[in-house]
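Novice: Input: one structure, supplied below.
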Amino acid sequence: YGMKIFRNNNMVTYNFINVSSIRYANGISIDGAAMNNTLRNNTIIINTKTDELDDSGLIDAGYGIIITEYAYGGGKYKIENSKTVGNIIEENTITGYSTHMWAIEQFGGHNTTVSRNNIDVAGYSVIGVAMIGEGTQITDNIINVVGQTNETQASPDYLRPQTSGVYIYQGNNTKISGNTIFADTGPAIKPERETNTQITDNILVTNNNN
């Protein structure tokens, strides 16, 4: 981990975070009951490899930024009185390579903003922005993902590895607008089991999305 954040009203700005690891790497993690945190103008570089540490056969995974709401346990997102609320991820630069790569992921949360980030990531299965939550705003980002397959892979991560610019799952009232998304070997945007989604005014370019 480059940085782990707990609780509320933290401002994380203008940091250079470079994480290289065998098996697992994470740039910034916001964990649990965490409100109104801002991650802005950070540069995050993630690189992993799968050198054998043991005989587990696990595959390497990398995360630029991840939000995890401990109160959420999967399924359709229905957390009332969430304590993971109002977090902002904006104007960050995220680059890197991992077999399974998530530049930005959220596993539960209310009213998260992901805006004006520059994302350029590659790997076998690659997602630029992967989100589960209520009232998520994904706006004005530049996202470039280069994967090798668009098939969903086995993983302990609930947002399973695949290749997509933006993947939203099991959430409500998500807005995706004003983004420029380039996706190689997968869709630019993939909503799944979402309700009341708005997808407007994006520039979407895909190659090899079979």
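The values are calculated or read from the model by the stated rules, or taken from the named source; none is laboratory data. Every value quoted in this text rests on a predicted model; they were computed, and no experiment measured them. Please note: Cβ atoms are built from the backbone with ideal geometry, for glycine as well, and neighbour counts cover all protein chains shown. The protein model used for the area step is the full one, side chains on, heavy atoms only, and it has no ligands, DNA or RNA in it. Shrake-Rupley method; radii C 1.70, N 1.55, O 1.52, S 1.80 Å.
Novice: Checking the condition of a type outside the set (A, V, I, L, M, F, W, C), under 18 Å from Tyr167 (Cα atoms) and at pLDDT below 95, which residue from Gly62, Gly57 passes? Reasoning before the result, please.
Specialist: Values: Gly57 fails: under 18 Å from Tyr167 (Cα atoms).
That would be Gly62, the only listed residue that is of a type outside the set (A, V, I, L, M, F, W, C), under 18 Å from Tyr167 (Cα atoms) and at pLDDT below 95.
Novice: Filter the range 8-35 down to the residues that are surrounded by fewer than 14 Cβ atoms within 10 Å (Cβ to Cβ) and at pLDDT 90 or above, then identify the one that is nearest to Gly109 (Cα to Cα).
Specialist: Within the range 8-35, the first condition is being surrounded by fewer than 14 Cβ atoms within 10 Å (Cβ to Cβ), and the residues that meet it are 9, 11, 13-14, 16, 20, 22.
Those still in the list that are at pLDDT 90 or above too: 9, 11, 13-14, 16.
Working: Asn9: 15, Met11: 18, Thr13: 21, Tyr14: 24, Phe16: 26 Å.
In this case the residue turns out to be Asn9.
Novice: Next question, about the same structure. Does Ile45 satisfy the condition of being of a type in the set (Val, Ile, Thr), open to solvent by less than 50 Å² (accessible area, probe 1.4 Å) and within 21 Å of Ile168 (Cβ to Cβ)?
Specialist: Values: of a type in the set (Val, Ile, Thr): yes; open to solvent by less than 50 Å² (accessible area, probe 1.4 Å): yes; within 21 Å of Ile168 (Cβ to Cβ): no.
So Ile45 fails the test.
Novice: Would you call Lys4 closer than 24 Å to Gln162 by Cβ, open to solvent by 60 Å² or more (accessible area, probe 1.4 Å), in contact (Cβ under 8 Å) with a residue 12 or more places away in the chain and not hydroxyl-bearing (Ser, Thr, Tyr)?
Specialist: Values: closer than 24 Å to Gln162 by Cβ: no; open to solvent by 60 Å² or more (accessible area, probe 1.4 Å): yes; in contact (Cβ under 8 Å) with a residue 12 or more places away in the chain: yes; not hydroxyl-bearing (Ser, Thr, Tyr): yes.
When the stated conditions are applied, Lys4 does not pass them.
Novice: How many of the residues in the range 83-95 are in a loop (DSSP other than H, G, I, E, B) and buried (at least 20 other Cβ atoms within 10 Å of the Cβ)? Step through it out loud before you land on a result.
Specialist: We begin by selecting, within the range 83-95, every residue in a loop (DSSP other than H, G, I, E, B); these are 83-84, 86-87, 91-92.
In the following step, the residues that additionally are buried (at least 20 other Cβ atoms within 10 Å of the Cβ) were identified as 84, 87, 92.
The total comes to 3.
Novice: Output the residues belonging to the range 174-193 that are in a loop (DSSP other than H, G, I, E, B) and either open to solvent by less than 40 Å² (accessible area, probe 1.4 Å) or more than 18 Å from Leu159 (Cβ to Cβ) (or both).
Specialist: Answer for the range 174-193, where residues must be in a loop (DSSP other than H, G, I, E, B) and either open to solvent by less than 40 Å² (accessible area, probe 1.4 Å) or more than 18 Å from Leu159 (Cβ to Cβ) (or both): Thr174, Gly178, Asn179, Thr185, Gly186, Pro187, Ala188.
Novice: State the number of residues belonging to the range 172-195 that are touching a Gly at 6+ places or on another chain (Cβ under 6 Å) and touching a residue at least 60 places away in the same chain (Cβ under 8 Å).
Specialist: Here the count works out to 1.
Novice: Looking at Thr174, Thr136, Thr200, which one is within 19 Å of Asn111 (Cβ to Cβ) and either among the aromatic types (Phe, Trp, Tyr) or within 14 Å of the chain's Cα centre (by Cα) (or both)?
Specialist: Numbers: Thr174 fails: either among the aromatic types (Phe, Trp, Tyr) or within 14 Å of the chain's Cα centre (by Cα) (or both); Thr200 fails: either among the aromatic types (Phe, Trp, Tyr) or within 14 Å of the chain's Cα centre (by Cα) (or both).
None of the others qualify; the one that does is Thr136.
Novice: Would you point out the residue of the range 96-146, among those that are small (Gly, Ala, Ser) and open to solvent by 10 Å² or more (accessible area, probe 1.4 Å), that is nearest to Tyr169 (Cα to Cα)?
Specialist: Step one: list which residues in the range 96-146 are small (Gly, Ala, Ser), which gives 96, 98, 103, 108-109, 115, 122-123, 125, 128, 130, 133, 135.
Going one step further and asking which of them are open to solvent by 10 Å² or more (accessible area, probe 1.4 Å), we end up with 96, 122, 135.
Working: Gly96: 23, Ala122: 21, Gly135: 13 Å.
If we take residues in the range 96-146 being small (Gly, Ala, Ser) and open to solvent by 10 Å² or more (accessible area, probe 1.4 Å), then Gly135 is nearest to Tyr169 (Cα to Cα).
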